[in-house]
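One structure is given here, and the rest of the page talks about it.
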Amino acid sequence: MMYDNMQVSCLNAQLPRQDDTIMTMMAGGPVESAADLRLPAKSTKTWITVTTLLLGVIAYQLNASMVAPAVPEIARKLGTTPDQVGISQTLFFLVGGITGVVLARYSDHAGRRRVLIFSLAAMSVGTVMAMLAPNIMVLDAGRLLQGACGATFQITYLILRDILTPKQFGPALGLVTAISCGVGGADQFIGGVMSDRWGFRSIFVVILIIGIAAIVLSMVYVPESNAATPGRMDWPGAAALSAALVCVNVGVALGGSHGWASPATVSLLAATLGFFVAFCFIEKHRAHPLISVVHLKSRQVWPIVATTLATLTGIFAAINFTVVVFSQDRRVGYGMSATQSSLMFLTPAAAIGFLAAPVTGWLAPRVGWRAVMWSGLSLSIASLAAAAWMLDHRWVVFAAFSLLGIFYNGLTLTTINGLGVILSPKDAPGSLPGLNGACFGIGAGLGIAIVAPVAAAGGFANFRAAMWISVAITVAALFASLWVQGSAEHSDEKI
């Protein structure tokens with residue numbers, strides 16, 4: 001979720017120092033081939049490019065994390081309620097999920113650098129609107145625009161894949177994954193302090209400064225890529241898939257709050273199925289589809305998408321909902337305050353994950369991405385099971401959740417992000433990272449919607465049952481991951 005000098009020194013410490021060649025490019029137009037991009041590994045410009053990309057993902061992550069603690073203050077200043085401010089948060093994540101799919105694929109046609117700069121520019125305009133918002137309507141519009149930078153992570157993965165060697169790509173991807181998981185919870189803590197001392201608008205000032213810096217540096221140091229896919233963007237397919245994503249996200253949210261059998265929930269989930277069927281029909285008749293149905297059915301695509309969805313559904317809810325709520329329950333839980341709960345069960349895993357993710361990125365290309373992923377999922381299941389079995393022992397749960405910083409934030413999330421890039425079809429490299437990114441948001445929401453009614457029933461047994469549900473879903477993720485397989489075009493990778 002920040003900090004340039006630390007990121008550069010961390011990256012330099014972990015990336016190989018031998019005479020590997022690294023792809024990069026002097027500022028200017030597109031290049032003709034990968035060979036035209038190669039410069040010596042110690043090229044200062046390469047590290048500036050990597051740092052520039054990190055600034056972009058930091059700008060997005062701060063939008064996701066630093067604003068959350070300021071929700072009550074935003075409500076007071078704008079004369080509204082926290083739940084109304086929460087809608088602006090929902091809009092941000094929803095638009096982010098859609099643009100992550102659509103713009104990542106569009107970058108195959110229009111070029112990565114161009115789409116990255118457009119995303120950051122839209123985010124900056126939205127940040128100004130949110131910073132100056134006189135009412136909740138303007139804030140909602142600003143947060144919606146800020147969500148346009150949702151493709152920043154996926155495009156960054158793709159650019160890093162283009163400019164770095166396989167062994168250098170892993171640690172760099174791990175660092176980006178670490179940022180996406182937060183920096184030890186410091187971003188949320190700092191956001192709360194800034195909101196208390198200088199008001200919520202100060203948070204958007206910081207985000208704006210970082211966003212503008214990322215835009216300027218991207219214009220100078222990020223290389224443009226040739227079109228990876230010929231022809232025009234599949235906008236009809238993008239529209240159908242976007243509609244399906246909107247329906248499934250809203251449907252999942254309503255399922256958790258209004259019940260899975262409510263008319264609204266059933267209607268939205270049925271609409272999701274209808275839009276997805278329409279999407280598949282469109283893709284079969286497009287010369288250059290958003291993602292080919294043939295690819296969707298292959299073992300290099302659907303298993304990693306299913307793994308990501310099930311992983312987030314299982315583990316995210318356990319970490320960010322079940323144990324947090326249980327630890328603050330004064331009747332059957334630990335009776336902790338929100339701050340104590342966060343410091344004990346959220347911050348350690350985030351801090352450990354920030355260190356573990358780059359190490360995982362270094363390890364995976366050497367021993368195999370799938371092997372590391374399987375190890376991470378298996379050990380995550382063991383940690384969750386220990387926490388579920390010993391839920392009444394807070395220090396056992398603390399230890400188990402701290403280990404998830406290594407097993408989940410480090411080993412698992414880094415490898416499923418990496419495989420989402422490595423296994424993406426060569427004729428549509430932006431497709432799988434986009435779909436994979438969308439599954440992060442859907443899985444997080446789905447997990448909470450599934451366990452919330454169980455935990456809300458009250459009683460120690462119900463909280464433990466919610467934990468065991470998360471364990472079972474994570475076992476399903478491990479099973480799905482066993483089907484992940486590369487193809488002949490990945491023969492040069494240690495999948």
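The values are calculated or read from the model by the stated rules, or taken from the named source; none is laboratory data. Keep in mind that this is a model prediction, so the values were computed, not measured. Backbone-built Cβ (ideal geometry, glycine too); neighbour counts: all protein chains shown. Note: accessible area is taken over every heavy atom of the protein model, side chains too, but ligands, DNA and RNA are not part of it. Shrake-Rupley method; radii C 1.70, N 1.55, O 1.52, S 1.80 Å.
Is region 133-142 home to any residue that is buried (at least 24 other Cβ atoms within 10 Å of the Cβ), of a type outside the set (Phe, Trp, Tyr) and closer than 19 Å to THR44 by Cα? There is no residue in region 133-142 that is buried (at least 24 other Cβ atoms within 10 Å of the Cβ), of a type outside the set (Phe, Trp, Tyr) and closer than 19 Å to THR44 by Cα.
For GLY199, the conditions (1) closer than 28 Å to LEU346 by Cα; (2) modelled with pLDDT of 90 or more all hold with the exception of (2).
Restricting attention to region 449-470, which residues are buried (at least 20 other Cβ atoms within 10 Å of the Cβ) and either within 21 Å of ALA148 (Cα to Cα) or of a type in the set (A, V, I, L, M) (or both)? ALA449, ILE450, VAL451, ALA455, ALA466, MET467, ILE469, listed by residue number.
Taken over region 421-443, the criterion of being surrounded by fewer than 24 Cβ atoms within 10 Å (Cβ to Cβ) and closer than 18 Å to LEU363 by Cβ is satisfied by VAL421 alone. Contact map, region 88-102: first residue at negative phi, second residue outside any helix (DSSP H, G or I) and surrounded by fewer than 24 Cβ atoms within 10 Å (Cβ to Cβ), Cβ cut-off under 9 Å, separation 6 or more or different chains; pairs are VAL102/MET233. Based on this model, can you work out whether LEU403 counts as open to solvent by 50 Å² or more (accessible area, probe 1.4 Å) and touching a Ser or Thr at 6+ places or on another chain (Cβ under 6 Å)? For LEU403, the condition - open to solvent by 50 Å² or more (accessible area, probe 1.4 Å) and touching a Ser or Thr at 6+ places or on another chain (Cβ under 6 Å) - is met.
For region 81-116, filtering for residues that are at pLDDT 85 or above, of a type in the set (Ser, Thr, Tyr) and within 23 Å of MET131 (Cα to Cα) leaves 1.
What helices (runs of 4 or more DSSP H) completely inside region 53-163 contain at least 2 residues that are among the polar types (S, T, N, Q)? Passing ranges, in order: 82-110, 112-132, 152-163. Surrounded by 18 or more Cβ atoms within 10 Å (Cβ to Cβ), under 23 Å from the mean Cα position of the chain (by Cα), part of a helix (DSSP H, G or I) and hydrophobic (A, V, I, L, M, F, W, C): does that describe LEU309? Here the answer is yes, as LEU309 does meet what is asked.
Yes or no, residue by residue, for (1) over 22 Å from the mean Cα position of the chain (by Cα); (2) more than 17 Å from LEU55 (Cα to Cα):
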site: ILE136; (1), (2): yes, yes
site: LEU164; (1), (2): no, yes
site: THR177; (1), (2): no, no
site: CYS181; (1), (2): no, no
site: ALA186; (1), (2): no, no
site: GLY199; (1), (2): yes, yes
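In region 316-335, the residues that are assigned to a loop (DSSP other than H, G, I, E, B) reach residues that are of a type outside the set (D, E, K, R) with C-beta atoms within less than 6 angstrom, at least six apart or across chains, in these pairs: VAL332/PHE460; GLY333/PHE326; GLY333/SER327; TYR334/SER327. Of the residues making up region 282-306, those that are surrounded by 23 or more Cβ atoms within 10 Å (Cβ to Cβ) and more than 17 Å from SER242 (Cα to Cα) number 2.
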